[in-house]
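Participant: Have a look at the structure that comes next, please.
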Amino acid sequence: MVYPPISHTEHSGRPRRVLRRAVIGLFFALGLGACASPVGLVGGESVRPLEPAAPVLTVAIVAADDSTALPATLTIGEEELETDETGHLAIDWRFDDTGLAIAASAPGFRDGTASVAQLPDEGEVTLALEPIVLTGRVVTPDGRALPGTAVSLGRKTARSDVEGTFEISRAEAGDLQLERPAWQSSTVAWDGEETDVTLTLEPLMIRALRVAGDKAGDRDTWESLLDLADRTGVNAFVVDTKAEGGTVFHDTEVALAHEIGAVKTFYDLDKVIQDMDDHGLYKITRIVTFQDNFLARARPEIAARDAETGEPWQNYKGIRWLDPTDRNSWDYALDLADEACRRGFDEIQFDYIRFPSDGPVSQVVFDELRGGEGYYDKETQQFRIATISAFLEEAHSRLNPMGCAVAADIFAITLESTSDEGIGQAPGVFSNYIDVLSPMIYTYTYGPGWKGWDDPNEHAVELVTLALDSGIPRLEGFSVYRPWLQRAFIPDDEILAIQQVAEDRDMGWMLWSANTIFDAGHLPPPE
């Protein structure tokens with residue numbers, strides 16, 4: 001059906017007012033003429049009444065999800081018209097018995113139509129458009145849900161939930177931008193047609209060197225490390241913030257570190273961050289967590305205690321430990337992590353994130369757990385795992401929204417063990433709470449007889465392969481493995497070979513050196 005051209009009419013009714021003025025003027029002129037002299041009328045002529053103005057129909061377009069006004073494009077007959085910013089368009093009703101067909105479209109909404117058979121009594125018709133809703137799921141390459149991913153489409157951003165799902169309402173075709181700490185950013189074109197999508201992210205391929213805190217502050221060593229990264233395939237450093245004994249290596253803003261005498265300034269934090277940025281390096285900091293001689297000595301009420309003396313418990317090296325079951329012992333490490341993230345690190349790695357093992361554990365007492373008999377039974381094991389998991393969950397909830405990935409160093413034996421080894425570490429459980437799990441796979445820590453080998457150092461490639469392949473099926477959540485690998489006690493070609501084992505499994509790696517001594521022969525060539 002073809003509709004006649006449509007005349008736009010303002011709500012003020014201006015066209016009708018012009019016609020009324022013309023009529024008044026005509027009669028006024030006739031009246032003046034009658035007073036002056038008679039007017040002659042030709043036979044058969046008469047004054048014809050003016051055609052009344054067309055009634056007005058107002059079309060209102062609203063969003064179906066919240067009834068807000070929606071500017072839209074209308075197609076009426078053969079004409080394409082635009083509403084005003086309030087979603088309204090007024091037209092003259094000249095359709096008599098033919099009725100009126102209206103089609104409406106707006107970005108981010110499904111097209112809608114309405115058929116108006118006759119002019120409504122109230123003079124207005126409302127058409128609600130349904131929003132286009134894009135739903136999807138973000139997953140790892142092996143199909144595990146990837147929560148916490150920012151999914152942006154134009155100006156709209158959603159974040160995937162624990163199941164990896166997200167939803168964007170009023171979605172318009174365009175590029176989907178995916179961002180998540182520890183994962184490669186991704187752009188995916190969306191044509192606006194398929195409204196349920198699955199998106200896969202790839203983990204960052206990190207090849208990192210460990211930089212001891214004192215070495216980061218030694219100018220010659222630091223410059224040589226930056227140069228080494230430029231000449232090889234290294235793309236990240238792991239710089240110590242807090243060491244095994246509790247020393248903090250930079251002039252921290254965390255007042256408690258100064259109060260307990262833990263600060264020994266070796267490097268300028270801002271300069272170290274800037275240098276790594278200038279060389280295009282991914283920036284990781286390592287924070288030793290529950291082993292802390294300074295804090296345990298200064299605050300014995302939050303330290304692990306010796307059952308016999310009541311004093312802070314010490315390991316075989318004489319180093320004190322904090323009590324992981326006392327939540328007050330968490331704040332210090334978390335505050336250091338918060339500062340590190342805020343000031344520019346990309347990832348916070350918690351080390352010694354466990355219960356103590358290298359000491360007389362039968363004598364250690366915690367607020368909510370004690371050593372002695374039963375220390376290794378199933379109930380206490382579950383409690384230990386839950387305690388460390390709770391710390392990691394808290395760390396992730398604080399640091400991930402700030403843009404930092406959260407990592408934890410774990411004993412490599414936990415990749416294969418059926419228990420927590422008395423330290424509260426379980427990679428499967430931990431994988432539900434943090435981004436990166438870093439098993440420390442050092443062949444020299446395995447004793448003679450492991451897997452039947454007289455000297456595990458002679459089987460570095462097999463040992464790393466078996467450890468990682470045992471750990472991969474244990475992943476429950478969204479974590480990825482990025483192992484610590486050794487530089488010492490094996491030949492250069494095997495150092496490269498164990499790195500390749502990790503990369504063959506789409507994992508990055510970190511190379512440990514107690515003294516931060518590396519050589520280009522230990523490292524892959526630049527890409």
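Participant: Look through GLY143, GLY148 and report the one residue that is in a loop (DSSP other than H, G, I, E, B), over 20 Å from ASP65 (Cβ atoms) and touching a helix residue (DSSP H, G or I) at 6+ places or on another chain (Cβ under 7 Å).
Facilitator: Every option except GLY148 fails the conditions.
Participant: For segment 394-409, which positions are within 14 Å of ALA333 (Cβ to Cβ) and part of a helix (DSSP H, G or I)?
Facilitator: GLU394, ALA395, HIS396, ARG398, LEU399
Participant: Being of a type in the set (S, T, N, Q), crowded, with 24+ Cβ neighbours inside 10 Å and over 21 Å from the mean Cα position of the chain (by Cα) narrows it down to one residue among THR309, THR289; which is it?
Facilitator: Of the residues listed, the single one that is of a type in the set (S, T, N, Q), crowded, with 24+ Cβ neighbours inside 10 Å and over 21 Å from the mean Cα position of the chain (by Cα) is THR289.
Participant: Determine if segment 451-471 includes at least one residue that is in a helix (DSSP H, G or I), within 29 Å of GLY213 (Cβ to Cβ) and β-branched (Val, Ile, Thr).
Facilitator: yes
Participant: So which of GLY143, GLY148 ends up being closer than 30 Å to PRO203 by Cα, open to solvent by less than 80 Å² (accessible area, probe 1.4 Å) and without any contact (Cβ under 8 Å) to a residue 12 or more places away in the chain?
Facilitator: Unique residue meeting the criteria: GLY143.
Participant: Here's something else I'd like to know. All but one of (1) surrounded by fewer than 16 Cβ atoms within 10 Å (Cβ to Cβ); (2) in a loop (DSSP other than H, G, I, E, B) hold for GLN425, so report the exception by its number.
Facilitator: The number of the failed condition is (1).
Participant: Determine whether segment 181-196 contains at least one residue that is more than 16 Å from PRO401 (Cβ to Cβ), in contact with a Pro (Cβ under 9 Å, 6 or more places away or on another chain), surrounded by 15 or more Cβ atoms within 10 Å (Cβ to Cβ) and not charged (D, E, K, R).
Facilitator: Within segment 181-196, not a single residue is more than 16 Å from PRO401 (Cβ to Cβ), in contact with a Pro (Cβ under 9 Å, 6 or more places away or on another chain), surrounded by 15 or more Cβ atoms within 10 Å (Cβ to Cβ) and not charged (D, E, K, R).
Participant: Look through LEU89, LEU127, LEU119, LEU57 and report the one residue that is open to solvent by less than 10 Å² (accessible area, probe 1.4 Å), more than 30 Å from THR165 (Cβ to Cβ) and not charged (D, E, K, R).
Facilitator: Of the residues listed, the single one that is open to solvent by less than 10 Å² (accessible area, probe 1.4 Å), more than 30 Å from THR165 (Cβ to Cβ) and not charged (D, E, K, R) is LEU57.
Participant: Residues in segment 152-160: is at least one loosely packed, with under 14 Cβ neighbours inside 10 Å and touching a residue at least 12 places away in the same chain (Cβ under 8 Å)?
Facilitator: No, segment 152-160 has no match at all.
Participant: Also, I was wondering about something else. Report whether or not ASP420 is open to solvent by less than 10 Å² (accessible area, probe 1.4 Å), acidic (Asp, Glu) and free of Cβ contacts under 8 Å to residues at least 40 places away in the same chain.
Facilitator: Taking the combined requirement at face value, the residue satisfies it.
Participant: Within segment 181-274, considering only helices (runs of 4 or more DSSP H) that don't extend past its boundaries, which have at least 1 residues that are in contact with a strand residue (DSSP E or B) (Cβ under 9 Å, 6 or more places away or on another chain) and under 30 Å from ARG297 (Cβ atoms)?
Facilitator: Hits in segment 181-274: 213-216, 255-259.
The values are calculated or read from the model by the stated rules, or taken from the named source; none is laboratory data. From a predicted model like this one, the values you see are computed outputs, not experimental measurements. Neighbour counts are summed over all protein chains in view; Cβ atoms, including those assigned to glycine, are modelled from backbone coordinates with ideal geometry. These accessible areas exclude ligands, DNA and RNA; they are computed on the full protein's heavy atoms, side chains included. Shrake-Rupley method; radii C 1.70, N 1.55, O 1.52, S 1.80 Å.
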